[in-house]
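Scroll down for the structure; my scribbles are underneath it.
The values are calculated or read from the model by the stated rules, or taken from the named source; none is laboratory data. On a predicted model such as this, the values are computed, not experimentally measured, just so you know. All Cβ positions, even for glycine, are placed from backbone atoms using ideal geometry, and neighbour counts span all protein chains on display.
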Amino acid sequence: MVPTSYHLILSGILFTIGVTGVLLRRNIIIIFMSIELMLNAVNLSFVALARHFGNMDGQIIVFFVMSVAAAEVAVGLAIILLVFRGRETVNVDELNLMRW
Amino acid sequence: MPLEALVFYLLAALTIGSALIVALSHNLVYSAFALLGTFMGVAGLYALLAADFVAVIQVMLYIGGILVLILFAVMLTHRIADVDVSNRTVGRIPAVLILGVVGTVMGVCIGTAEWVQHAEPMVEPTTFGIGEAFLGPYILPFELASVVLLVALIGAVVVSRKELRGPMADG
């Protein structure tokens with residue numbers, strides 16, 4: 001059995017890559033995908049710890065994280081498309097007004 | 001090297017390699033498709049961790065739903081290739097600093113925690129336990145999650161619908 005710490009380290013690396021994407025990229029869709037990476041990293045650590053402690057609760061939480069991620073994607077992409085329709089850009093540096 | 005460790009390293013390499021492409025690629029379409037690799041790798045890791053139901057849901061929800069939606073957004077917003085990588089408002093040094101701090105803190109936490117290793121858990125289907133938990137102690141969060149999804153769905157439709165302009169809109 002692969003030690004739980006390996007899964008947690010992998011989860012940490014994945015989360016850090018997600019933070020890198022949010023910090024380095026200015027395209028709003030890439031930032032969005034990086035947030036998905038971070039959510040996946042957290043889910044991975046939940047499942048690894050559920051396995052570690054032989055407990056089902058971690059896997060239950062994963063489902064709630066997934067449903068929140070689905071809601072976030074639906075609303076977020078609608079907002080992105082609306083902003084793009086109005087401003088013709090997906091660069092967050094140029095999106096500095098709340099309304100136009 | 002035992003087979004399980006080999007599979008783990010392969011899946012980890014797939015996951016991290018695709019994640020790096022997602023975060024650093026210059027082409028938006030490459031990023032979106034590399035996200036597929038990350039989701040598949042994580043699904044494989046779930047299967048390796050004996051979480052069969054979560055692995056299937058990962059494939060169905062993330063790859064079948066979220067990734068397709070993201071690809072729609074990529075295709076609907078044009079100017080795909082000319083994306084700047086650098087963030088001019090933060091700069092490289094603070095970014096590297098934040099990354100170093102986040103990574104170090106997580107590494108130290110993982111390294112210093114005293115992990116209690118239980119005996120090897122049995123590999124058995126998890127659907128029974130998940131169903132019991134959802135209809136038992138977790139029934140309220142479960143129902144709330146469905147309400148959240150419904151609200152998000154309606155919100156997405158309201159936000160993205162075509163605005164009526166002209167005499168019809170003033171009504």
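Let me confirm something: among A:12, A:18, which residue is free of Cβ contacts under 8 Å to residues at least 60 places away in the same chain, crowded, with 18+ Cβ neighbours inside 10 Å and within 11 Å of the chain's Cα centre (by Cα)?
Unique residue meeting the criteria: A:18.
Can you say whether residue B:83 is touching a strand residue (DSSP E or B) at 6+ places or on another chain (Cβ under 8 Å), surrounded by fewer than 19 Cβ atoms within 10 Å (Cβ to Cβ) and either modelled with pLDDT of 90 or more or aliphatic (A, V, I, L, M) (or both), as far as the supplied structure shows? Outline the logic, then answer.
Numbers: touching a strand residue (DSSP E or B) at 6+ places or on another chain (Cβ under 8 Å): yes; surrounded by fewer than 19 Cβ atoms within 10 Å (Cβ to Cβ): yes; either modelled with pLDDT of 90 or more or aliphatic (A, V, I, L, M) (or both): yes.
Criteria met by residue B:83.
Do we find a residue being of a type in the set (Ser, Thr, Tyr), under 24 Å from residue B:72 (Cα atoms) and surrounded by fewer than 18 Cβ atoms within 10 Å (Cβ to Cβ) anywhere in the stretch B:30-39? Looking for residues that are of a type in the set (Ser, Thr, Tyr), under 24 Å from residue B:72 (Cα atoms) and surrounded by fewer than 18 Cβ atoms within 10 Å (Cβ to Cβ), one finds at least one in the stretch B:30-39, hence yes.
Scanning the stretch A:31-56 for residues that are surrounded by fewer than 20 Cβ atoms within 10 Å (Cβ to Cβ) and of a type in the set (S, T, N, Q) yields one hit, A:55.
Could you please let me know if residue A:77 is buried (at least 20 other Cβ atoms within 10 Å of the Cβ) and within 7 Å of chain B (Cβ to nearest Cβ)?
On the way: buried (at least 20 other Cβ atoms within 10 Å of the Cβ): yes; within 7 Å of chain B (Cβ to nearest Cβ): yes.
It is true that residue A:77 is buried (at least 20 other Cβ atoms within 10 Å of the Cβ) and within 7 Å of chain B (Cβ to nearest Cβ).
Against the criterion of being closer than 24 Å to residue A:69 by Cβ, modelled with pLDDT of 90 or more, within 9 Å of another protein chain (Cβ to nearest Cβ) and outside any loop (DSSP other than H, G, I, E, B), residue B:70 does not qualify.
Would you point out the residue of the stretch A:1-22, among those that are β-branched (Val, Ile, Thr) and assigned to a helix (DSSP H, G or I), that is farthest from the other protein chains (Cβ to nearest Cβ)? Quick ask: steps written out before the conclusion?
To start, the set of residues in the stretch A:1-22 that are β-branched (Val, Ile, Thr) comprises A:2, A:4, A:9, A:13, A:16-17, A:19-20, A:22.
Restricting the remaining residues to those that are assigned to a helix (DSSP H, G or I) gives A:4, A:9, A:13, A:16-17, A:19-20, A:22.
Working: A:4: 6, A:9: 6, A:13: 6, A:16: 5, A:17: 4, A:19: 6, A:20: 5, A:22: 9 Å.
So, considering only residues that are β-branched (Val, Ile, Thr) and assigned to a helix (DSSP H, G or I), the one farthest from the other protein chains (Cβ to nearest Cβ) is A:22.
Scanning the stretch B:97-132 for residues that are within 23 Å of the chain's Cα centre (by Cα) and either modelled with pLDDT under 85 or of a type in the set (A, V, I, L, M) (or both) gives B:98, B:99, B:101, B:102, B:105, B:106, B:110, B:126, B:127, B:130. Restricting attention to the stretch B:16-41, the residues being within 7 Å of chain A (Cβ to nearest Cβ), of a type in the set (S, T, N, Q) and more than 13 Å from the chain's Cα centre (by Cα) number 1.
With B:65, B:44 as the choices, which residue is more than 9 Å from every other protein chain (Cβ to nearest Cβ) and either of a type outside the set (S, T, N, Q) or assigned to a helix (DSSP H, G or I) (or both)? Every option except B:44 fails the conditions.
Summed over the stretch A:49-90, residues that are closer than 24 Å to residue B:68 by Cβ and under 20 Å from the mean Cα position of the chain (by Cα) total 21.
Does residue A:32 satisfy the condition of being more than 23 Å from residue B:19 (Cα to Cα) and among the aromatic types (Phe, Trp, Tyr)? No, not satisfied. For residue A:25, the criteria (1) at the interface with chain B (Cβ under 8 Å from one of its Cβ atoms); (2) more than 17 Å from the chain's Cα centre (by Cα) hold in every case but one, which is (2).
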